[in-house]
Amino acid sequence: MTAPESEPAVKSSQPPPLHEDEAHTLLRDGRLEVAGRLVEATNMTLYCSVKLGSRTAACVYKPVRGERPLWDFPDGTLAAREVAAYEVSQATGWRIVPPTVYRDGPFGPGMCQLWIDTEREIDLMRLVKSRNPVVRRMAVFDAVVNNADRKGGHLLPLPTGHVYGVDHGVCFSVEDKLRTVLWQWRGKPLAREAVAVLAKLERDLESGSLGRRLRELLTPAEVEATWQRVRRLLDTGVHPYPPEGWPAIPWPPI
C-alpha cells in the first residue's frame, strides 16, 4: 500500500549508531586504517576503520588522487562535492547524507563518510517506485544539488524507516543535469514541509553559513546555480520535470 499523495506523516527516523556530532568528530580526527577496496566503484573507494579514543566505526574514504577526470565536471573534485552535498543535507535537517568530512588520509586528502549498514530485506525497486515521504524528501534534495546520478543502489534504507543517500560526486553542475530514478513526483506540488525547508535554504545560501561553507567547496558559479535552483523550486512550487537534452535516468538504474 503506497502513501497518499497529500503530505503523509513522515515516519520517525533514528540517528546512526553514533550521534551526528560524535560521528563527525570521529571521522575528522580519528586514525584511518584501510581494510579493503570497493572494486565496483569507478573511482578509488576504500573501506576503512576510523578510531578515536574508545570510539571505532567503519567508513568510506575516497582520496582525491584516485578520482578520474570528468569532462562535464572540469572544476573542483568529487570529494569536495560529496562534502558539499552533506552540508546541504545538514541545512535541510533531513539527514539525507551520512556524516561526511574532508580530511587527509593514507592516500592524501579526500572524502571520508560514515559507513551505513542497510536493511537487507527491503526491495530497492519497490522503494524507488514508492511514494515514501522520506524518499520524496530525497527527490527535493536531488533537485537542489542537481544530482546527475541518483541510482536506486545509492539509496540506503534503514530498519527504522530512514533512508540515506550516497555517492554525490557528480552534483552541483551549473547546467541542468538532474538524472534520477525518482521521477514519480514530477509536476506535483511540493509538500508544505519542503517549501519551508527551501525557503530556509534560500536565506542560508544567500547570506548564511551554508553559502559561506559551499563557497569553500565549490566554484562561485556552482553556488549561485544552487541558489537559483532553490529559487526556481520556490517560484514554480512543484517538483521538476526531467530536463531536455539530458538523459533522465542513470544507467544502470540500480
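The values are calculated or read from the model by the stated rules, or taken from the named source; none is laboratory data. Being a predicted model, the structure only gives us computed values, none of them experimental. Reconstructed Cβ throughout: ideal geometry from the backbone, glycine too, with neighbour counts over all protein chains shown. Just so you know, the surface numbers come from the protein's heavy atoms only, side chains and all, with ligands and any DNA or RNA stripped out. Shrake-Rupley method; radii C 1.70, N 1.55, O 1.52, S 1.80 Å.
General remarks:
Quick grid of which residues meet (1) surrounded by 16 or more Cβ atoms within 10 Å (Cβ to Cβ); (2) at negative phi; (3) not polar (S, T, N, Q):
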| position | (1), (2), (3) |
| --- | --- |
| His154 | yes, yes, yes |
| Pro159 | no, yes, yes |
| Val166 | yes, yes, yes |
| Cys171 | yes, yes, yes |
| Lys177 | yes, yes, yes |
| Gly187 | no, no, yes |
| Leu190 | yes, yes, yes |
| Glu193 | yes, yes, yes |
| Ala196 | no, yes, yes |
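- Screening the candidates Pro240, Pro247, Pro252, Pro220 for the property of being modelled with pLDDT of 95 or more, out of contact with any Pro (no Cβ under 9 Å at 6 or more places or on another chain) and closer than 29 Å to Ile122 by Cβ yields one hit, Pro240.
- Qualifying residue in segment 123-144 (condition: basic (Lys, Arg) and open to solvent by less than 10 Å² (accessible area, probe 1.4 Å)): no
- First in segment 224-239 and within 13 Å of Arg192 (Cα to Cα), second anywhere and among the aromatic types (Phe, Trp, Tyr), Cβ under 8 Å, 6 or more apart: His239/Trp185
- Within segment 2-21, not a single residue is modelled with pLDDT of 95 or more and either of a type in the set (A, V, I, L, M, F, W, C) or open to solvent by 80 Å² or more (accessible area, probe 1.4 Å) (or both).
- Here Thr42 does not qualify as surrounded by fewer than 16 Cβ atoms within 10 Å (Cβ to Cβ) and closer than 14 Å to Ala23 by Cβ.
- Taking the criterion of being within 18 Å of Glu82 (Cα to Cα), in a loop (DSSP other than H, G, I, E, B) and acidic (Asp, Glu), the only residue of segment 119-156 that qualifies is Asp149.
- Of residues in segment 200-222 being touching a residue at least 12 places away in the same chain (Cβ under 8 Å) and part of a loop (DSSP other than H, G, I, E, B), the one surrounded by the most Cβ atoms within 10 Å (Cβ to Cβ): Leu218
- All conditions in (1) open to solvent by less than 70 Å² (accessible area, probe 1.4 Å); (2) part of a strand (DSSP E or B) hold for Tyr47, with the sole exception of (1).
- Any hit, segment 64-71, residues being within 26 Å of His162 (Cβ to Cβ) and not small (Gly, Ala, Ser): no
- Flag if Val181 is in contact with an Asp or Glu (Cβ under 9 Å, 6 or more places away or on another chain), open to solvent by 10 Å² or more (accessible area, probe 1.4 Å) and among the β-branched types (Val, Ile, Thr): no
- Meets criteria (under 24 Å from Lys62 (Cα atoms) and surrounded by 18 or more Cβ atoms within 10 Å (Cβ to Cβ)) for Leu233: no
- Count of segment 82-104 residues which are open to solvent by less than 20 Å² (accessible area, probe 1.4 Å) and either touching a strand residue (DSSP E or B) at 6+ places or on another chain (Cβ under 9 Å) or modelled with pLDDT under 95 (or both): 11
- Matching residues in segment 56-77 - criterion: being in a strand (DSSP E or B) and out of contact with any Gly (no Cβ under 7 Å at 6 or more places or on another chain): Thr56, Ala57, Ala58, Cys59, Val60
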